[in-house]
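> Below is a structure I'd like to ask you about.
The values are calculated or read from the model by the stated rules, or taken from the named source; none is laboratory data. Small disclaimer: the values here were computed from a predicted structure and weren't measured. With ideal geometry, Cβ positions are generated from the backbone for all residues, glycine too; neighbour counts draw on all protein chains shown. These area figures cover heavy atoms from the full protein model, side chains too; ligands, DNA and RNA do not enter into them. Shrake-Rupley method; radii C 1.70, N 1.55, O 1.52, S 1.80 Å.
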Amino acid sequence: KKVLARIVAEVNIRRLHITQLLVSYDWKTNAFIPEIDPDEYRGRGTKSLTPEDAARHLREMWMLPSGPIPNMVELLEENGGIVIPCDFGTDLVDALSQRIEGLPVLFFVNVDAPADRVRHTLAHELGHMVLHTVTVKSDEEMEDEADAFAGAFLLPADEIKPQLRRFDLRQLANLKLYWKVSMAAIAVRASRLELVTPYQS
């Protein structure tokens, strides 16, 4: 409880700082981080929206080229977000995100988190902001969906599948250098795409 109270206090102070700074800064952008309502997105169809669909849709909407995303912080801030480094005083929380009327979407990131994990963490929080500000589900389901979104956003299926035909530590190390995410994130993505056996995973 003490750790969580400290994190909440840190986030609230940072948000107040951002609010004050934006008073004297003309912050405008035509880009934005959408909120997707799965029911509206589906329309008359029977197939429900998956995190994979949402990630692909957002990459297309932001007109991202194929391949790895060079810089997640720059990408979020070019599209209506602000990334704020914070000292959470613990390594149990990597990041938090908030969507508040009148402010950019805020991403609070633990300064102690490793760089390759921060990329996945920011994509995970982006998943929450896209998928879970309109539709609320159980914590476990939302966390799983945000993780699936992050994997699909950072490692698009049509690009990563051919690269995972060989699955061993050497290949994972090479892919880590190219995609700029952890080997664990690549292994989880391979598992979600059913490209590896549970034993390999």
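> Just for helices (runs of 4 or more DSSP H) wholly inside the range 29-137: which have at least 1 residues that are aliphatic (A, V, I, L, M) and either crowded, with 17+ Cβ neighbours inside 10 Å or within 15 Å of the chain's Cα centre (by Cα) (or both)?
Those helices (runs of 4 or more DSSP H) span 51-61, 72-78, 115-131.
> Give the residue, chosen from ARG170, ARG189, that is of a type in the set (Lys, Arg), open to solvent by less than 40 Å² (accessible area, probe 1.4 Å), at pLDDT 90 or above and in a helix (DSSP H, G or I).
Details: ARG170 fails: open to solvent by less than 40 Å² (accessible area, probe 1.4 Å).
The unique qualifying residue is ARG189.
> Which one is nearest to GLN200 (Cα to Cα), of the residues in the range 151-167 that are free of Cβ contacts under 8 Å to residues at least 12 places away in the same chain and assigned to a helix (DSSP H, G or I)?
Taking the candidates together, the pick is PRO162.
> If you don't mind, another one. Provide a single number: the residues in the range 1-14 that are open to solvent by 60 Å² or more (accessible area, probe 1.4 Å) and in contact (Cβ under 8 Å) with a residue 60 or more places away in the chain.
3
> Let me ask something else about it. Is it true that some residue in the range 173-186 is open to solvent by less than 20 Å² (accessible area, probe 1.4 Å), outside any helix (DSSP H, G or I) and touching a residue at least 40 places away in the same chain (Cβ under 8 Å)?
Scanning the range 173-186, I find at least one residue that is open to solvent by less than 20 Å² (accessible area, probe 1.4 Å), outside any helix (DSSP H, G or I) and touching a residue at least 40 places away in the same chain (Cβ under 8 Å), so the answer is yes.
> Check the range 148-166 and report whether any residue there is touching a helix residue (DSSP H, G or I) at 6+ places or on another chain (Cβ under 7 Å), farther than 28 Å from PRO34 by Cβ and surrounded by 14 or more Cβ atoms within 10 Å (Cβ to Cβ).
yes
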